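Written out below as structure tokens is the structure these notes cover.
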Amino acid sequence: MTERQRLVIGISGASGAVYGLGLLEACRNLDIETHLVISKAGEVTLAQETGKSLSEVRRLADQNYKIGDIGAAIASGSFNTLGMVIAPCSVRTFSEIATGVTSSLLTRAADVTLKERRRLILAVRETPLHSGHLRSLAALSDMGAVIAPPVPAFYTKPETLDDLVNQFTGHLLHLLGISNDLAKEWTGLRSG
């Protein structure tokens with residue numbers, strides 16, 4: 001019997017909680033085992049932006065962890081995963097990861113992902129960014145993280161918010177090497 005692929009999903013307090021939800025739902029449909037950690041600010045943002053209760057969101061994941069549970073499986077490099085996606089990712093979250101001074105399970109799990117040379121994808125949802133933010137993001141990129149702000153792909157001609165979320169969610173999954181049909185592929189210009 002083949003083991004299911006595991007993915008750690010983090011949700012921080014930046015705006016864009018719908019991206020974390022979209023990723024959880026997509027992984028459930030693709031039978032990818034999800035391990036979820038949400039920051040305190042992320043809990044607030046989820047409620048404000050989605051109207052979903054914390055228990056509803058937690059039910060989408062296979063395993064849930066409390067933000068202060070630094071003894072959790074995802075805090076160890078011996079717990080094998082595909083990697084980790086933080087969607088959305090706040091400035092505070094990426095700043096902690098960039099310095100290696102982590103204060104929660106969310107940032108510890110990201111730090112472990114980097115040290116194990118697994119894929120860490122940060123859906124940074126802050127703008128504008130000052131030079132200190134940019135230096136931190138450059139440092140993270142140098143360490144192997146993928147900086148993937150949720151920028152809409154208008155070539156897909158989105159009609160709804162779901163279209164935008166699905167396109168970005170599919171792109172995140174492609175970055176992890178997970179095939180899906182959520183993201184529409186650019187096929188080039190047709191002349192003629």
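If the viscosity is 0.890 mPa s and the temperature 25 °C, what translational diffusion coefficient in µm²/s does Stokes-Einstein give for region 18-121 when Rh comes from Kirkwood over Cα pairs?
The calculation lands on 176 µm²/s.
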Handout entry: Folded to 0 to 90 degrees: helix 161-175 orientation relative to the chain principal axis, Cα
Key = 70
Problem - Helical mean residue ellipticity (222 nm; -39500 (n - 2.57) per DSSP H run of 4+; nearest 500) of the chain - result: -12500 deg cm²/dmol
Handout entry: Ranked Glu3, Glu96, Glu126, criterion: other C-beta atoms within 10 Å, fewest first
Key = Glu3, Glu126, Glu96
Exercise for the section: Given the options Lys157, Lys52, Lys115, state which has the largest fluctuation in a GNM of the chain using a 10 Å cut-off (strictly under) for Cα springs. Expected result: Lys157
Exercise for the section: May I have the extent of the alpha carbons of the chain along their three principal axes, as whole Å values ordered from largest to smallest? Expected result: 59, 46, 35
Fill in the blank from the handout: Relative to the chain, whose Cα atoms define the longest principal axis, helix 105-115 and its Cα axis are tilted in degrees, nearest 10, by 80
Fill in the blank from the handout: The residues Ile11, Ile67, sorted from fewest to most surrounding Cβ atoms within 10 Å, come out as Ile67, Ile11
Problem - Scattering profile of region 81-192 at q = 0.09, 0.10, 0.15, 0.16 Å⁻¹ [log10 I(q)/I(0), Debye over alpha-carbon scatterers] - result: -0.27, -0.33, -0.69, -0.77
Practice task
Would you mind checking the tilt of helix 40-50 against the longest principal axis of the Cα atoms of the chain, expressed as 0 to 90 degrees and rounded to 10?
Solution key: 30
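Quick note: the coordinates plus some simple rules give every number you see, no bench work behind them. Remember, predicted model here, so these are calculated numbers, not experimental data. All Cβ positions, even for glycine, are placed from backbone atoms using ideal geometry, and neighbour counts span all protein chains on display.
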